[in-house]
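Read through the structure below, which is laid out as structure tokens, and then see the notes.
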Amino acid sequence: MPKVHVQTNINGTDMDFLCEARQSLLEVLRDVLGMTGTKEGCNDGNCGACTVILDGRIVDSCCVLGVEAQGRTITTIEGVASPEGLHPLQQAFLEEAALQCGICTPGFIVAAKSLLDREPDADEGRIRHWLAGNLCRCTGYDKIIRAVLSAEDIAAGRGDRSAASTGAGAGAADQRDVYND
Amino acid sequence: MRDFEYVAPTTIDEAVRLMAESGNRAKALAGGTDVIVQLRGGRFDIDRLVDMKKIPELNEMSYSEADGLTVGAAVPCHRIYEDATVQEQYPGLVDAAFLIGGIQIQGRATLGGNLCNSSPSGDTIPALMALGGTCDIAGPNGRRSLPVEDFCTGPGRNVLQDGEILVGLNFPSPKANSGAAFLRFIPRNEMDIAIANAAASVVLDDSKENIVSARIAVGAVAPTPMMATAAADGLAGKAASEESIEAAGEAAKAVASPINDMRGTVTQRVHLVGVLTKRALRTAISRAKGE
């Protein structure tokens, strides 16, 4: 079967590639384009490690064919940070230690980014529901949820709500506000 | 998986021709959340994958009081549950579209694909049945339509012949004083396959105290999703009371002929289908009353 020529836009850059019809978007990103930030976990739509944003919607890239990218707009983890620095989510994941092995992290960050782009003040319940399609097998979810809540505060220029709410971190959060003044 | 040809026709006629040419060596692609995984797992060996998403009719979603709701077979779940009209007129459909998979799956998965995959536990199918949905099918011999409850014929099997495609689903306009609901039982909160599921729709009289008619459908308890016809018919003319709901829930268990598997036992599934039917009826009645 001849390879298919696909033209698409990834992270703001027009790109084209050749792929076999059977190749998933995940395989194309990793093996054809060398964009290995997007991870392969279960490869069957259960774990969300391969989450990318396709025309404004998060999808599992293992359940999308590379050929379906024709004419579409894709954001991957490589497109989340800017030249000025890390995205608030990336900063918060580091500060809250919301990762251990890191395989699930790109998927969580891309999925959470798409939520915060829509609902910058999503509450904990909404965040947990939105991220139900992302599995983490080592950190556990609490730190991840705290990081997303913290990212909302960073993005809005507020103090660190998650640190304040844990009691132990309250002083630190107060201090940070003082320093920001 | 072996490589195959990918084609993306833009008309129904072209899609039917492409499907018919390859016979049982062709598969239709909509959201891909089942079919791509099944192809990778070797469930099918195909020569051609026909992407239905470029066909305008299959992406259409429209509502009118006269014609009811038409949902193209390639419309993803998020479009259904984010639509204000669907939220208002078909909350039972929103229940189903909103609990299939996670947000990533809902961004791609379609009602049409869920029905054509014909899983006994398909999460939206009982809701489509309880709402009185009909399937619009196109094939080499023209168009035909049939009720959703006649579509699935066994696990992974349905009435579609070689060359036939599902164009869309139609749901009649909700009657006055009507309501519907869908529920699923899984051990987790999200992202699991149903141990049992149930959908109910009811029409109440003008006093909103009595049931005029009802439809009940249950899933994951038989080789296909099933209408619980006797349970539903038994509600006609009865008070919309806890006693009627109890009786219907017990009667719905009669259509269950489930299997034991790693997700649940026969006993558990039969019990659950009764519980879920009662709960779905309570919500459907409460929605019909406008509560």
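Data for the structure
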item	result
At R0 = 56 Å, FRET efficiency that the Cβ-Cβ distance of A:Glu95 and B:Ala84 yields, to 0.05	0.90
For chain A, size of Cβ-based charge dipole, Lys and Arg +1, Asp and Glu -1, in debye	400
GNM top mover of B:Gly163, B:Gly264, B:Gly31 - chain B, alpha-carbon springs below 10 Å	B:Gly264
Interchain or long-range residues, amide H under 5 Å from B:Ala222's placed H	B:Ser257
Kirkwood Rh and Cα Rg combined as Rg/Rh, region A:3-79	0.91
Spread of Cα-to-Cα distances over 10 Å intervals beginning at zero, given as percent, for the protein assembly as shown	4, 19, 26, 24, 17, 7, 2, 0
Net charge over other residues, Cβ less than 14 angstrom from the Cβ of B:Leu49 (K, R count +1; D, E count -1)	0
Built amide H within the under 5 Å cut-off of B:Val212, gap 5+	B:Val203, B:Leu204, B:Asp205, B:Gly237
Among beta bridges that DSSP assigns inside chain B, antiparallel share in %, nearest 5	85
Helical contribution to [θ] at 222 nm, DSSP H n ≥ 4, -39,500 (n - 2.57), averaged over chain A, rounded to 500	-10000 deg cm²/dmol
Label point 7 Å beyond Cα of A:Asp31 along Cβ direction - residues of region A:48-65 with amide nitrogen under 20 Å	A:48-52, A:60-65
CD proxy at 222 nm, helix term only [per DSSP H run n ≥ 4: -39500 (n - 2.57); per residue of chain B; nearest 500]	-9000 deg cm²/dmol
Residue with peak Gaussian network fluctuation, chain A [Cα springs, cutoff 10 Å], from A:Ala69, A:Ala156, A:Ala92	A:Ala156
Under 28 Å, Cα to Cα: Lys pairs in the protein assembly as shown, sequence gap 8 or more or different chains	27
Among A:Cys62, A:Cys138, A:Cys104, residue whose mean-square fluctuation peaks in a GNM of chain A (springs only between Cα atoms under 10 Å)	A:Cys138
Radius ratio Rg over Rh of region B:5-50, counting only Cα atoms, Kirkwood formula for Rh	0.96
Inter-label distance, nm, simple model (7 Å from Cα along the C-beta direction), B:Ser173/A:Glu124	4.6
Quarter of the Cα convex hull surface for region B:1-115, i.e. its orientation-mean projected area (nm²)	7.6
Protein-protein interface of region B:1-28, residues with accessible area decrease of at least 40 Å², isolated chain reference, 1.4 Å probe	B:Met1, B:Asp3, B:Phe4, B:Tyr6
Isotropically averaged projected area of region B:67-203, using the convex hull of Cα atoms (one quarter of hull area), nm²	8.1
Karplus (6.51, -1.76, 1.60) ³J(HN,Hα), θ = phi - 60°, over region B:56-69, in Hz, Gly and Pro reported as x	x, 4, 7, 9, 7, 9, 9, 9, 9, 4, 6, 9, x, 9
Whole-Hz couplings from phi, Karplus 6.51/-1.76/1.60, listed for region B:275-291; x for Gly and Pro	4, 5, 4, 4, 5, 5, 5, 4, 5, 4, 5, 5, 5, 5, 7, x, 7
Cα convex hull volume per residue for chain B (Å³)	121
FRET E, pair A:Met1, B:Ala230, Förster distance 60 Å, beta-carbon r, rounded to 0.05	0.70
Check: the protein assembly as shown dipole with +1 on Lys, Arg Cβ and -1 on Asp, Glu Cβ, in debye	1040
Under-5 Å amide H pairs with A:Leu65, H placed in peptide plane, nonlocal only	A:Leu25
Kirkwood Rh (inverse of mean 1/r, distinct Cα pairs), region B:178-288, angstrom	13.7
Linear extension gain, B:Glu190 paired with B:Glu5, 0.36 nm per residue minus alpha-carbon span	63.1 nm
DSSP-defined beta bridges in region B:1-147 - what % are antiparallel, rounded to 5	60
Convex hull volume per residue in cubic angstrom - Cα atoms of region A:1-159	103
Cleavage-rule hits (GluC sites (Glu not before Pro)) in region B:11-96: DSSP loop, at most 16 neighbouring Cβ within 10 angstrom	B:Glu60, B:Glu65, B:Glu82
Hz values of 3J(HN,Hα) by residue in region B:11-26 - Karplus curve (6.51, -1.76, 1.60), Gly and Pro given as x	10, 4, 4, 5, 5, 5, 4, 5, 5, 5, 4, 9, x, 7, 9, 10
Positive dipole terminus of the protein assembly as shown, leading residue within B:Leu276, B:Ala30, A:Thr36 (C-beta point charges)	B:Leu276
1.4 Å probe accessible area per residue over chain B, in Å²	40
37 °C / 0.692 mPa s Stokes-Einstein diffusion coefficient of region A:88-170, Kirkwood radius on C-alpha pairs, µm²/s	262
For region B:5-50: relative contact order, % (alpha-carbon pairs under 8 angstrom, 6 or more apart)	55
Rounded to 5, the percent of DSSP beta bridges in region B:14-72 classed as antiparallel	50
Assigned charges on the beta-carbon of Lys, Arg, Asp, Glu; region B:140-291 dipole about Cα centre (debye)	200
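The values are calculated or read from the model by the stated rules, or taken from the named source; none is laboratory data. The shown structure was predicted, so the numbers you read here are calculated from the model rather than taken from an experiment. Note: ideal-geometry Cβ built from the backbone for every residue, glycine included; neighbour counts use all protein chains shown. Side chains included, ligands, DNA and RNA excluded: accessible areas come from the protein's heavy atoms. Shrake-Rupley method; radii C 1.70, N 1.55, O 1.52, S 1.80 Å.
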